[in-house]
Amino acid sequence: MTVDLSFLLILTGLTGIHSITTVSEVSVKAGDSITIPCLYDSQYINHVKFLCKGPNWSTCSYAAKTNQPSSGKFSISDDKNQRIFTVTIKDLTDKDTDYWCAVEIDRGPDVREYFLLSVTEGTPRLYVDHQEITGFIGQNIMISCQYSNSGEVRWCRLGSSCVRRPLESIDGTQVTINTSVPNVFTVTMSGLRTESSGWYWCATGDLQMPVHIIVNDTTSPRGLTTLPPMTQVERPSSSSFFESFGIRLSLLIFVMVGLFIWFMYNRHKQTKEASSASTTAEEAVRYTRNTSGERSHAEG
């Protein structure tokens with residue numbers, strides 16, 4: 001019986017049951033806001049989630065709970081479909097350092113996971129311009145992660161795997177990491193799918209910065225910066241090219257024929273007018289001659 005219980009405890013630890021997954025350390029700037037995602041196991045879907053503030057679990061205090069209205073400095077929301085609750089902390093100060101993501105357990109100890117906020121007056125050691133980015137099915141998005149600390153560069157999905165090499169994939173979505181620019185690495189997610197939606201994070205060394213990716217199935221709105229999928233760029237076919245060329249050639253011939261008809265008409269008109277003028281002049285000469293002869297005969 002003892003062996004079976006030990007095995008069960010080991011299996012529980014390996015499979016991550018009774019656990020919460022979140023970031024470990026995030027660098028933030030004083031006065032800004034930060035949103036932290038906390039992934040929980042399916043058995044806790046209907047449990048109360050909360051944020052606890054303080055370095056020690058035994059003495060930390062409630063900051064926000066899902067069964068209480070959120071207002072002011074702290075807010076919390078629970079996405080039961082994704083099994084992720086998020087906590088947002090506003091107007092950060094140097095006292096906003098130690099926190100716990102936690103789930104209430106009625107008949108047992110609460111489940112919790114600690115995270116640290118490293119608050120600085122200057123530029124954070126790892127940051128992104130926007131924590132939430134919207135993309136569209138079949139398209140690409142690019143995330144720019146800027147850092148000043150040292151350590152391995154990674155792009156990870158909350159509760160899933162991490163990408164470390166220039167070209168890999170996470171849950172079927174292709175990920176490309178570019179580190180050609182000093183202190184910046186860009187992550188490109190290609191061929192987005194609905195399943196690509198979720199929480200990810202940039203990571204360098206011990207630091208992480210959460211990023212929420214939302215994938216919609218509508219057209220890209222005006223002003224949104226997205227990259228078209230390179231593998232789906234449509235090129236005109238040879239038939240459409242010749243069809244377009246034929247239409248243009250027909251229009252050109254039509255215009256040229258119209259110009260030729262107009263030119264011939266004007267030339268004919270000018271010739272007719274010249275001929276008419278010449279005939280009139282000849283008739284005037286004959287009339288003058290006849291008139292002069294009649295007058296001479298009359299005088300004789």
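Throughout, read-outs are computed from the coordinates displayed, never taken from laboratory work. None of the values given here were measured: they were computed from a predicted structure. When we count neighbours, we look across all protein chains shown, and the Cβ atoms used for this are built from the backbone with ideal geometry, even at glycine.
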Burial ranking of peptide ranges 189-195, 256-262 (average Cβ count within 10 Å, highest at the top) = 189-195, 256-262
Global form of the range 70-215, assessed from the alpha-carbon gyration tensor, a/c cut-off 1.5 = oblate
Rounded to the nearest 20 debye, dipole of the range 147-195 from Cβ charges on Lys, Arg, Asp, Glu | 40
Sites residue 68 and residue 180, calculated FRET efficiency, Cβ-Cβ separation with R0 35 Å, nearest 0.05 | 0.15
For residue 73, which sequence-distant residues (separation of 5 or more, or a different chain) have an amide H within less than 5 Å of its own amide H, given hydrogens modelled in the peptide plane?
-> none
Under a Cβ-Cβ cut-off of 13 Å, what is the net charge of the residues other than residue 189 that fall near it, where Lys and Arg count +1 and Asp and Glu count -1?
-> -1
³J(HN,Hα) computed for each position of the range 250-258 - Karplus, 6.51 cos²θ - 1.76 cosθ + 1.60, integer Hz, glycine/proline x = 4, 4, 5, 5, 4, 5, 5, 4, x
